[in-house]
1. Want the number for ASP261 to LYS15: 0.36 nm per residue separation, take away the alpha-carbon distance, what's left?
2. What share of Cα pairs, in percent, lie more than 22 angstrom apart in the range 138-276?
3. Using helices alone, what [θ] at 222 nm do you get for the chain, with -39,500 (n - 2.57) per DSSP H run of 4 or more residues, divided over all residues and rounded to the nearest 500?
4. Based on the Cα coordinates of the chain, what is the per residue volume of their convex hull in Å³?
5. Residues in the range 102-122, backbone N under 18 Å from the label point at ARG45 (7 Å along the Cα-to-beta-carbon vector): list them, ranges by number please.
6. How long is the gain from HIS62 to ASP31 if the chain were fully straight, where each residue apart is worth 0.36 nm and the alpha carbon distance is subtracted?
7. Could you work out how much longer the chain between ALA118 and ARG85 gets when fully extended? Use 0.36 nm per residue separation minus the Cα distance between them, nm to one decimal.
8. On a 0 to 90° scale, report how tilted helix 16-30 is relative to the longest principal axis of the chain, with both axes built from alpha carbons and the result rounded to the nearest 10.
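Bear in mind that the values in this text are calculations on the coordinates, not laboratory data. Bear in mind the structure is a predicted one, so any value in this text is a computation, not a measurement. Note that we place each Cβ from the backbone using ideal geometry, even for glycine, and neighbour counts take in every protein chain shown.
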Amino acid sequence: MSTQTLTLWRILDDKPGHEKQTGGLMNALADLVPLQSHDIPCPPRRHSWLNWPAGIFPPGAHLPKPDLILLAGHATHVAGLAARRAHGGHLVTLMHPSLPCAWFDLCLIPEHDQPAAAANVIVTRGALNAARPGGAHHADRGLILIGGPSEHYAWDDGVVVEQVRRIVSTRADTQWRLSTSRRTPESFATRLAGICPANLALFTPNQTAPGWVESALADAGQAWVTEDSVSMLYEALTAGCHVGLLRLPRLRTGRVARGVDKLIADGWVTPMENWDAGLCAAPPNATFYEAGRCARLILEKWFPNAA
């Protein structure tokens with residue numbers, strides 16, 4: 001391991017999903033090279049639009065100069081440009097930016113967004129996340145992650161409850177934990193409680209601390225995820241679980257559906273209809289760790305002697 005320490009800034013927009021994405025990449029970098037990281041709340045966008053041409057970024061004035069600046073979320077893009085102009089460093093944005101890709105040093109963009117090929121674009125399988133490969137993955141423990149209504153999928157309590165019932169009753173030798181999300185209608189938990197068997201424990205977001213999902217995925221041998229919860233699908237794959245897909249009626253065929261369909265076609269996940277036909281939830285066919293892959297590519301690109 002090199003003794004060179006890299007300085008990393010993360011500009012945060014107060015959205016947990018975006019923080020997980022940059023946090024996953026930050027942790028993967030820290031596994032490979034000594035890292036000094038600083039989290040910076042994103043200034044108001046109107047300030048950033050003034051600071052960028054002026055060549056100033058006051059939140060970084062008293063911090064060490066960055067080697068890397070990580071962004072996720074449209075609100076952070078102009079702030080990142082201002083930070084790089086004022087203090088230097090390589091600017092890396094996760095997900096497709098709202099501004100031209102050419103304005104950033106590197107863009108990590110999910111393949112379902114179909115980005116144009118460019119020297120500063122790395123195409124990723126889904127959005128990066130904070131999960132890590134490994135963990136016990138006990139064969140007799142399972143996790144079910146439930147989403148809710150979205151612009152891409154119709155929601156039906158009965159459809160999801162019936163799929164959960166079939167899985168849990170068929171695998172009666174498995175201890176199941178089910179977590180709802182903030183999008184899940186309250187009526188779902190009420191309906192589920194009416195058929196809840198002894199081997200299923202129900203958790204709501206108010207009952208779980210930060211990091212609970214990552215810990216539960218590391219413990220579970222298999223995970224089932226409603227197909228609207230694309231980020232959870234990628235977290236389950238990254239953790240190394242056997243992953244099954246709980247079906248929902250689609251409202252549109254767009255980038256989200258394309259991403260799900262590719263995971264099925266590539267054998268990463270097992271949809272409910274295949275499980276009903278006698279197929280087990282898909283085991284990982286390789287290590288799925290996009291944050292680790294991107295971290296290595298970043299070091300090779302800019303810091304080849306760092307790790």
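1. So the extension gain works out to 85.9 nm.
2. 32
3. Computed ellipticity for the chain at 222 nm equals -10000 deg cm²/dmol.
4. 139
5. Answer for the range 102-122: 103-104.
6. 8.5 nm
7. Between ALA118 and ARG85, full extension yields an extra 9.7 nm.
8. For 16-30 against the chain, the angle is about 70 degrees.
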